[in-house]
Amino acid sequence: MDSAGLYGEKGKGCGYGKVCSRSSGSVQGVCPKGWHLPDSTDWNTLYAAVGGFMFSGKYLKDTTDWKRNSSTDAFGFSILPAGFRYAKGGYNYMYEYAYFFSSTELDSGKVSDAYFRYDNDHVIGNDVAKNLGVSVRCLKD
């Protein structure tokens, strides 16, 4: 990712090694116009709507592509186990994990993420390096 990286034009200069100084509003980032990257509050709202952290994985993951699967995809969210791409290339954990960026920064190198695993039904609140390639889901403004 370049210096704009994850945050694109509306959050220009907020990529890896930099902290976004947005005072309010959402971050468009890699999302198309009229859409934005969810922050950790948006993700928490989703988890609450589907029954909480303990069951979010079960109800939000795709039913066919995971290494081991007990999911139902009850809400049609269809999370796929894309794993991640290292900053210098190469992929890891395909069919096992799904990581999603949020626009909630933890420091100049990390953001809060949504992290789903093949071997459990819950979501894990975690952090992920800004320079990794992970999945995104965009929310309509």
Residue-wise HN-Hα coupling along segment 116-127, computed from phi with Karplus coefficients 6.51, -1.76, 1.60 (Hz; x: Gly, Pro): 10, 10, 5, 9, 7, 9, 9, 9, 10, x, 8, 10
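Using Stokes-Einstein with the Kirkwood hydrodynamic radius over Cα pairs, what translational diffusion coefficient do you get for segment 39-136 at 4 °C and a viscosity of 1.567 mPa s, in µm²/s rounded to a whole number?
Working: Rh = 13.4 Å.
Result for D is 97 µm²/s.
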Aspartates and glutamates with Cα under 18 Å of residue 88, excluding same-chain neighbours fewer than 8 positions away: 2
Using θ = phi - 60° and Karplus 6.51 cos²θ - 1.76 cosθ + 1.60, couplings along segment 31-37 (whole Hz; Gly, Pro as x): 7, x, 3, x, 10, 8, 6
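Coordinate-derived values only; no laboratory data. The model shown is predicted, which means the values in this text are computed figures rather than measured ones.
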